[in-house]
Protein chains: 2
Amino acid sequence: MTGRDLVVLGTASQVPTRHRNHNGLLLRWDGEGILFDPGEGTQRQFTLAGVPPRRVHRICVSHLHGDHCLGLPGMLQRLALDGAGQVVSVHFPASGLPYVERLCDASIGRYQPVRLDPIPLPAPASAAAPDVPAVPVASQAPHLVAEGPPLRITALALDHTVDCLGWRVEEPARRHLLPDRLAAAGVAGAAVGELLASGRVQAGGTTVTLEEVSEVRPGLAVAVVMDTRACDAAVELARGVDLLVCEATFLEGESFLAADYGHMTAREAATVAREAGAGRLVLTHLSARYPSPDGHLAEARAVFDDVVVAEDLAVIPLMAAGQA
Amino acid sequence: MTGRDLVVLGTASQVPTRHRNHNGLLLRWDGEGILFDPGEGTQRQFTLAGVPPRRVHRICVSHLHGDHCLGLPGMLQRLALDGAGQVVSVHFPASGLPYVERLCDASIGRYQPVRLDPIPLPAPASAAAPDVPAVPVASQAPHLVAEGPPLRITALALDHTVDCLGWRVEEPARRHLLPDRLAAAGVAGAAVGELLASGRVQAGGTTVTLEEVSEVRPGLAVAVVMDTRACDAAVELARGVDLLVCEATFLEGESFLAADYGHMTAREAATVAREAGAGRLVLTHLSARYPSPDGHLAEARAVFDDVVVAEDLAVIPLMAAGQA
């Protein structure tokens, strides 16, 4: 399977609404499927999206609040029922292990086999005594979750009310042949194969090297930043990504709630995208208090151009920044 | 609050479909709310049905297969979030206690306080050695779940692949005044109050007794019979009820599957209703293999007249049999 996109399964914060299910994001990257934060009802959202659940190979749970994890048992039962076969890796903050274990044995029946990957987090700044300087979040070493091929996945601790992880998914930089330079050098047909195999080829009475007719381009990158206050780690995760999916629970009018409950406003999310030099920003995890996403769009667009508000069952293609 | 009805929250078997969520039934009986089998997504179905979750005072879990219980954590979190206040009784087969305990602590956050009521089941017939006569299910004494006012709730073990309970909810018989007899006896106004208070009153030169101008009518009764093969216990639970909600996973063409997986066909469910002398039959828990409910309706109506197939978000009024 080829194709890379993000299937939006749910976009609600805390409580679902008529139009927004609890969280759920499926990142399809050629044959790989990474499910982020399966909230309650995620299994059915696959059906409504027309996507078979067995596309899931890996599940990343940002934290163990119910709206980000209560769909895990249903997904693991469904994968077993559908005969998916693969062992599914489940990544989550280590302090959440007792919850994940209970979720993996929550009802009678067969569950897809899992490889549990509890990720230890640095002590959060908020846990430090007031007179002890907090370790700056930016000084965290990214936790290596998976090293491709095809993908490298890293995680950083965010700044929520409980241990919470943000994710960065990227492919390695790759060399791309440049058709105009190939043509100018007179390299075509079988000579291209020789060039790729040996790094050089004779053409037009001279030696053409691979470096002369190609360039190295960075791979695509995606960041998923769920429940957190604005923080350096969010910016680090999103640094230069093509797509940033970011929580934006509140608007600036409720910034005091955002601070209290460990969330971002739409403006803060857009500021993270701008500081990180992200390509496109997708806002999600909207509080049910807002009847329309218009406020989020307006607030974010004042800071960052390429922004959309995620809607349930939308499919967002993943492409290099600037190609949209 | 007055009014009695059944809010259908979900009607799927095993896997949800576009139009059928996992199980969920809310019986509203004046101020009481009894939730049966909260499958995954039940919390959101309340929102779609326009019913506040805090209407739930009691939760009856027939058995611990995921499609009947994975919505429990979300409901208990939602009740706490909404400030419902009440301690919620949760009734379930005793062998399911470890699962219920995990469901009540499945993610970080506050859960509505619960009173767990594990109900011991007689050893199922299928567990008996082949040469030992199974204890007939009909010989079970009903388990008293709750004794009103206003309601009496009893349970009987059904015949599924795992321990499973069916439920009967009924109100006590009550004396009703008969307006035509009151008028014939010349009892009106303040005399009615005296009649009710003392059991007799003077009217038209004679003594009129309460018994002469009233009759005792049985209270309304409802049975909820989920995952089971046809069995005596299902008939006992449904004996003379005004409304029987009954699983009908399969059609007769798949009766071999029904037998293997411990379920009923639509014809079998209708036969239970007929043998029990039920008023109205509501079929639910339909297998996703059937694209339309027409087969279920036709098969059941050949055996029993007053039958409907439950559809998600339908509200079915509860009234005495024959008053529909």
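Derivation of every value follows stated rules applied to the coordinates shown; laboratory data play no part. Keep in mind the model is a prediction, meaning the values are calculated, not measured. Cβ placement follows ideal geometry from the backbone for every residue including glycine, while neighbour counts extend to all protein chains displayed.
Assuming R0 = 45 Å, what is the FRET efficiency of A:R110 and A:T2, from their Cβ-Cβ distance, to the nearest 0.05?
Numbers: r = 31 Å, r/R0 = 0.70.
Result of the calculation: an efficiency of 0.90.
If you take the beta carbon distance between A:D305 and B:E194 as r and set R0 to 60 Å, what does 1/(1 + (r/R0)^6) give as a FRET efficiency, to the nearest 0.05? Mind showing how you got there, number by number?
Working: r = 82 Å, r/R0 = 1.36.
E between A:D305 and B:E194, to the nearest 0.05, is 0.15.
Just grab the label-to-label distance for A:L297 and A:A94, each label 7 Å out from Cα along the Cβ direction, in nm (one decimal).
4.4 nm
Which distance in nm do the two modelled labels at B:R175 and A:A141 give, with both placed 7 Å along the Cα-to-Cβ direction?
With each label placed 7 Å out from Cα toward Cβ, I get 8.4 nm.
In whole Hz, with x marking every Gly and Pro, tabulate ³J(HN,Hα) for the stretch B:61-73 from phi via Karplus 6.51 cos²θ - 1.76 cosθ + 1.60, θ = phi - 60°.
With the stated coefficients, the stretch B:61-73 comes to 9, 5, 6, 9, 6, x, 5, 10, 8, 6, x, 4, x Hz.
How do A:T209, B:T2 line up, fewest other C-beta atoms within 10 Å first? Kindly include the intermediate steps, with their values, before the conclusion.
Details: A:T209 13, B:T2 7.
Listing A:T209, B:T2 from fewest to most nearby Cβ atoms yields B:T2, A:T209.
Could you please rank B:S214, B:S292, B:S13, placing first whichever residue has the fewest other Cβ atoms within 10 Å of its Cβ?
On the way: B:S214 17, B:S292 9, B:S13 25.
Fewest to most other Cβ atoms nearby, the residues stand as B:S292, B:S214, B:S13.
Shielding by partners for B:66-78, please: the mean number of other protein chain Cβ atoms within 10 Å of each residue's Cβ.
On the way: counts 12, 5, 2, 4, 12, 4, 3, 8, 10, 1, 1, 7, 5.
Per residue, the number of nearby Cβ atoms from other chains is 6 on average.
Once the label point is placed 7 Å from Cα along Cβ, list for A:L177 the distances to the corresponding points in the other copies, in nm, shortest first.
9.7
Name the residues whose placed amide hydrogens come within less than 5 Å of the amide hydrogen of B:L25, ignoring near sequence neighbours (fewer than 5 apart) on the same chain.
Amide H neighbours of B:L25: B:L9, B:F36.
Using the Karplus curve 6.51 cos²θ - 1.76 cosθ + 1.60 with θ = phi - 60°, what ³J(HN,Hα) values do you get for each residue of the stretch B:308-316, in whole Hz, with x for Gly and Pro?
Working through the residues one at a time gives 10, 9, 5, 10, 3, 6, 5, 10, 10 Hz.
With N residues in the protein assembly as shown, what two-decimal value do you get for its Cα radius of gyration over 2.2 N^0.38 Å?
Working: Rg = 30.7 Å, N = 648, 2.2 N^0.38 = 25.8 Å.
With N residues counted in the protein assembly as shown, Rg over 2.2 N^0.38 Å equals 1.19.
Apply the Karplus parameterisation 6.51 cos²θ - 1.76 cosθ + 1.60, with θ equal to phi minus 60°, to every residue of the stretch B:157-171 and state each ³J(HN,Hα) to the nearest whole Hz, in sequence, with x for glycine and proline.
Whole-Hz 3J(HN,Hα) from phi for the stretch B:157-171: 5, 9, 10, 10, 7, 9, 3, 8, 10, x, 10, 10, 10, 8, 9.
Where does chain B land at 222 nm, in deg cm²/dmol rounded to the nearest 500, when only DSSP H runs of n ≥ 4 count, each adding -39500 (n - 2.57), divided by all residues?
Details: 9 runs with 74 residues, N = 324.
Value at 222 nm, helices only: -6000 deg cm²/dmol.
What residues have an amide H closer than 5 Å to that of B:V88, excluding those fewer than 5 places away on the same chain, when H is modeled at 1.01 Å from N in the peptide plane?
It is B:V114, B:R115, by chain and number.
Taking the simple approach of a point 7 Å from Cα along Cα-to-Cβ for both B:A288 and B:M319, what is their distance in nm?
Output for this residue pair reads 3.7 nm.
Shape verdict for the stretch B:214-289, please, from the Cα gyration tensor: rounded (a/c under 1.5), prolate (a/b greater than b/c) or oblate.
Numbers: a/c = 2.93, a/b = 2.47, b/c = 1.19.
Prolate is the answer for the stretch B:214-289, as a/c is 1.5 or above and a/b outweighs b/c.
Return the whole-Å distance between the Cα centroid of the stretch A:201-273 and the Cα centroid of the stretch A:69-91.
Result: 28 Å between the Cα centres.
Cα centroids of the stretch B:18-57 and the stretch A:1-51: how far apart, whole angstrom?
The two parts, judged by their Cα centres, are 23 Å apart.
Based on other C-beta atoms within 10 Å, arrange A:H65, B:H263, B:H176 from fewest to most.
On the way: A:H65 25, B:H263 28, B:H176 10.
Ranked by crowding around the Cβ, least crowded first: B:H176, A:H65, B:H263.
For A:D260, place a label point 7 Å from Cα along the Cα-to-Cβ direction in every copy; what are the distances to the other copies, in nm, shortest first?
5.6
Averaged over its residues, how many other protein chain Cβ atoms are within 10 Å of peptide A:98-107's Cβ atoms?
Numbers: counts 3, 5, 2, 1, 10, 6, 1, 3, 11, 17.
Rounded to a whole number, the mean comes out at 6.
Using the Kirkwood radius built from alpha carbon pairs, what does the Stokes-Einstein equation give as D for chain B at 37 °C and 0.692 mPa s, in µm² per second?
Numbers: Rh = 20.9 Å.
After rounding, the answer is 157 µm²/s.
What nm distances, shortest first, do you get from the label point of B:P149 to those in the other copies when the point sits 7 angstrom along Cα to Cβ?
7.6
Please average, across the residues of B:12-19, the number of beta carbons from any other chain that are within 10 Å of each residue's own beta carbon, and give a whole number. Mind dumping the intermediate values first?
Numbers: counts 2, 0, 4, 9, 9, 3, 4, 0.
The per-residue average across the peptide is 4.
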